[in-house]
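Step one of this worksheet: look at the structure below.
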Amino acid sequence: MSKKFDVIVVGGGPAGMMAAITTAMNGTKVALFEKNKRLGKKLLMTGGGRCNVTNNRPVDDLIFHIPGNGRFLYSTFSQFDNQDVMSFFSERGVALKEEDHGRIFPVSDKSATIVNTLKDELEQLNVSLHFKEPIEKIISDGERIQGVRTAEGDYSAKSVILTTGGITYPSTGSQGDGYRFAKSVGHHVTPLYPTESPIFLTDDFVAEKTLQGLSLQDVTLSVIDEKNKTIASHEMDLLFTHFGISGPAALRCSSFVNQLLRTQQTVTLKLDCFPDKTVNDLMEEVSELAKTSAKQLKNALAGFLPERLLLFFLEKVGISEQTYGQTSKEQLEEFVSYCKNWSLTANKTFGLEKSFVTGGGVELKEVNPRDLASKKIPGLYFAGEVLDVNGYTGGYNITTAFCTGYVAGTHAAYNAFA
């Protein structure tokens, strides 16, 4: 078996498979190394096993939903974007469908449809697939990249693309190898932290299990810094758990929580249960519902909020057993304040091993945004989550992986022929 290639791709996730396909379509001899026994192990888990392939929003909107350095991707998306991702799969016979918030899935509802399509394409393009053969080091002469080393020996290539992912779900093989390889040839890696992760709260109601299992629709969760400034706000669904909060709103706020926790012990979150109504609107509504009734407030306001949350807020103010007539304006204002502006205290999120996405990665100042090539050493390229780029769930991270894979693959091929 020849150990000479034009391009070597390290990592068989979405970025790696797309990089290998793209560079092979440009006529190069390509090897793809994956330390698992099959491709796309983590991709098979995404979207609840259905694979949220991309998102159908305009590019500016995509970038807005990639809060971790999304602007770096403008050049990538000008070469290959979410519409190109959809075309790629459609042209290969994969029927796609759009669901809420622009999320795109295969009609089959099976991640395997996507992984198998990529694998078939790799095989048709004669990409040399190396399974269960972990890379031990990147070989360079200090001037430029020369290839990779595994337990089987050395493989030469003019271009090497690192697509090793982050360090979330290490059981899938994401164990931070790419960061080590990048550092070994002079790159810096920014601090790594979990994103898209459930949040732990220190508030008493969590230990008391008062709200455990309660879900709220279309509420706004905000992250507040020590200067009382709102750092991030998301109007989505929220779930109370035995440790704190989860659900889309919590996941989206988690990266901002982790960034603040680097310099402070706890982080304040604010919950607004009625984002479309003002305090005055709510005061009027509560008064209308309650003043015509001789019932206790907890009965007069039935349906205003989910029962357990209503009772919890009324008890906080000490008015759960009172009627409207027994309640002062100040007490009602305090109750409405809980509805609009309830403070929660976060002290951590799930660790990287249980989070969806890794924040941090290869320092972007050292990577050329046009071709995703290393500025430190010629012949090295990066794609996917190994870079310091992270998005929200909803197809944004897979879009980043496919699109950067395409761009890195294209330019790695040009470099091999240069």
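The values are calculated or read from the model by the stated rules, or taken from the named source; none is laboratory data. Predicted, not measured: the structure shown is a model, and the values here were computed from it. Note that we place each Cβ from the backbone using ideal geometry, even for glycine, and neighbour counts take in every protein chain shown. Protein only, heavy atoms only, side chains kept; ligands, DNA and RNA dropped before computing areas. Shrake-Rupley method; radii C 1.70, N 1.55, O 1.52, S 1.80 Å.
Descriptive notes on the structure:
- Restricting the chymotrypsin sites (Phe, Trp or Tyr not before Pro) of the stretch 75-132 to loop positions (DSSP other than H, G, I, E, B) with no more than 15 neighbouring Cβ atoms within 10 Å leaves nothing.
- Over 27 Å between alpha carbons, listed pairs 277/348; 132/375; 298/354; 270/291; 4/35; 132/348: 277/348; 132/375; 298/354; 270/291; 132/348
- Note on the chain: with a GNM built from Cα contacts shorter than 10 Å, the maximum mean-square fluctuation among 28, 404, 278 falls on 278.
- For the stretch 317-401, the list of GluC sites (Glu not before Pro) that fall in a loop by DSSP and count at most 12 other C-beta atoms within 10 angstrom reads 321.
- Between 328, 255, 90, the GNM of the chain built on Cα springs shorter than 10 angstrom shows 328 fluctuating the most.
- Note on residue 123 and residue 365: with the Förster distance fixed at 45 Å, the Cβ-Cβ geometry gives a FRET efficiency of about 0.75.
- Taken one residue at a time, the phi angles of the stretch 37-42 give Karplus couplings (6.51, -1.76, 1.60, θ = phi - 60°) of 8, 8, 7, x, 4, 6 Hz. Gly and Pro are set to x.
- Cα-based shape type of the stretch 87-207, given that a ≥ b ≥ c are square roots of the gyration tensor eigenvalues and the cut on a/c is 1.5: oblate
- Accessible area per residue, Å², the chain with all protein chains present, probe 1.4 Å: 43 Å²
- Sequence ranges 64-70, 132-138, ranked by mean other-Cβ count within 10 angstrom, highest first: 64-70, 132-138
- Scanning the chain for DSSP H helices at least 18 Å long along the axis (C-alpha atoms) with a Kyte-Doolittle mean no lower than 1.6 picks out nothing.
- Cα gyration tensor shape of the stretch 205-247, rounded if a/c is under 1.5, else prolate or oblate by comparing a/b with b/c: oblate
- Loop trypsin sites (Lys or Arg not before Pro), the stretch 321-397, which have at most 16 other Cβ atoms in a 10 Å radius of their Cβ (DSSP): 370, 375, 376
- Residues in the stretch 311-346 that a label on residue 280 would reach, taking backbone N under 20 Å of a point 7 Å out along Cα→Cβ: 329-341
- Shape category assigned to the chain from the gyration tensor of Cα positions, a/c cut at 1.5: prolate
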